[in-house]
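Encoded as structure tokens, the structure appears first; notes follow it.
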């Protein structure tokens with residue numbers, strides 16, 4: 001495939017396509033210097049498909065890009081994954097240390113995207129990638145929603161200049177007077193890829209796996225150490241999952257903060273829980289939106305110390321430390337869709353490690369999370385909270401019982417609210433058992 005022959009007519013493409021071709025010329029020059037015919041053919045093929053809005057499969061690449069003139073089946077002649085991996089590395093090295101636009105081949109997809117590091121709305125590429133990728137539908141929907149909400153959040157316009165009743169509630173009043181940036185942290189989940197162990201189907205897409213025992217890529221490394229036979233089949237694809245309920249809750253929170261005068265003129269950032277750093281935690285006011293299971297340890301550990309609740313091992317129940325009462329979510333078990341299910345919504349606010357403010361909008365499941373976000377924007381519900389912790393560093397917590405039928409929430413009842421025991425949580429580390437996963441694994445094998 002010759003680039004000069006196959007390059008699309010610029011008169012018939014938009015400026016975005018022109019920029020891809022311009023940036024791609026840098027990579028093609030490097031490929032020509034390397035004298036790798038297969039990498040060059042692969043690059044030209046993926047570029048042409050990407051400009052047409054197509055994402056080819058592995059089998060298509062093998063048959064169309066790697067099939068030689070004699071008609072040899074490309075799947076026998078080349079390992080598509082190996083050559084795509086090599087091409088990704090070459091592209092990364094071409095743009096290493098350079099500013100401005102670049103191209104990339106996202107992991108898990110066989111298309112070429114333009115990334116403009118100087119363009120605030122470059123997150124649009126997430127939406128374009130998710131819409132055409134081989135990811136499962138729930139993951140694609142969540143990624144699309146995340147991209148839309150991220151872009152919308154960055155372009156947030158403060159529409160209310162009058163004092164809203166929300167501004168005087170226990171949840172939002174403590175944000176007054178702060179000038180720090182506001183960071184919304186969304187709960188997410190780490191996914192790793194499970195490849196076809198037998199490699200029997202070269203066209204099979206990797207299966208993305210969510211395993212509660214593998215919450216981070218570091219834990220995947222430990223998992224591979226404990227299961228050496230699965231090392232080649234369990235791969236880090238740098239993927240995170242955000243639930244649909246989290247996206248809906250995020251939309252409600254965005255609408256709520258637009259009404260609170262304390263946030264007018266402040267910069268707003270959105271980050272995934274897995275990307276939260278100690279620097280972000282101390283430099284910004286924080287609003288966490290997500291399920292308890294997706295909450296980062298940087299927030300969960302201090303919250304657990306201050307709260308009167310304990311979180312169950314499976315993250316599906318809150319246990320009152322005072323009387324042992326268990327608040328269990330019905331989760332996704334549907335015995336009869338005509339019967340209302342039960343979930344629990346949770347709202348808490350307390351001071352951060354640098355006298356910044358942290359608000360937690362969380363739940364055990366998606367139903368409770370959507371309701372928690374609505375409650376956080378309802379001044380009547382917030383004014384009903386008796387725990388007056390607006391001007392103390394201890395903060396408050398409130399728990400609501402949520403009833404839902406199918407996808408519709410049909411009611412929320414305040415169960416309890418109380419002052420948190422937040423004094424000193426940032427100074428004293430909680431006593432935690434030493435993390436020895438290999439010993440724990442051996443013990444589990446010995447006592448199945």
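Determine, for 274, 50, the number of other Cβ atoms within 10 Å of each Cβ, and report the residues in order from fewest to most. Please list the in-between numbers first.
Working: 274 17, 50 24.
Ranked by crowding around the Cβ, least crowded first: 274, 50.
Quick check on the exposure proxy: order 246, 169, 55 from fewest to most C-beta atoms within 10 angstrom. Intermediate values should be presented prior to the final figure.
Details: 246 28, 169 23, 55 19.
Ranking 246, 169, 55 by Cβ neighbours within 10 Å, fewest first, gives 55, 169, 246.
Fewest to most neighbouring Cβ within 10 Å: what's the order for 38, 386, 49?
With the fewest neighbours first, 38, 386, 49 line up as 386, 38, 49.
So if each residue of separation counts as 0.36 nm, and I subtract the Cα-Cα distance between residue 282 and residue 310, what length gain in nm does that give?
Working: separation 28, 0.36 × 28 = 10.08 nm, distance 2.50 nm.
Contour length minus Cα-Cα distance gives 7.6 nm.
Once the Cβ-Cβ distance between residue 301 and residue 92 is put in as r, and R0 is 25 Å, what FRET efficiency do you end up with, to the nearest 0.05? List each step's numbers first, then the result.
Numbers: r = 35 Å, r/R0 = 1.40.
With R0 = 25 Å, the Cβ-Cβ based efficiency is 0.10.
At what distance in nm do the modelled label points of residue 427 and residue 415 sit from each other, each positioned 7 Å from its Cα along Cα→Cβ?
Placing both labels 7 Å beyond Cα along the Cβ direction yields 3.3 nm.
No lab work stands behind these numbers, since they all come straight from the coordinates. What you see is a predicted model; the values in this text were computed from it and never measured. Every residue, glycine among them, receives a Cβ derived from its backbone with ideal geometry; neighbour counts consider all protein chains shown.
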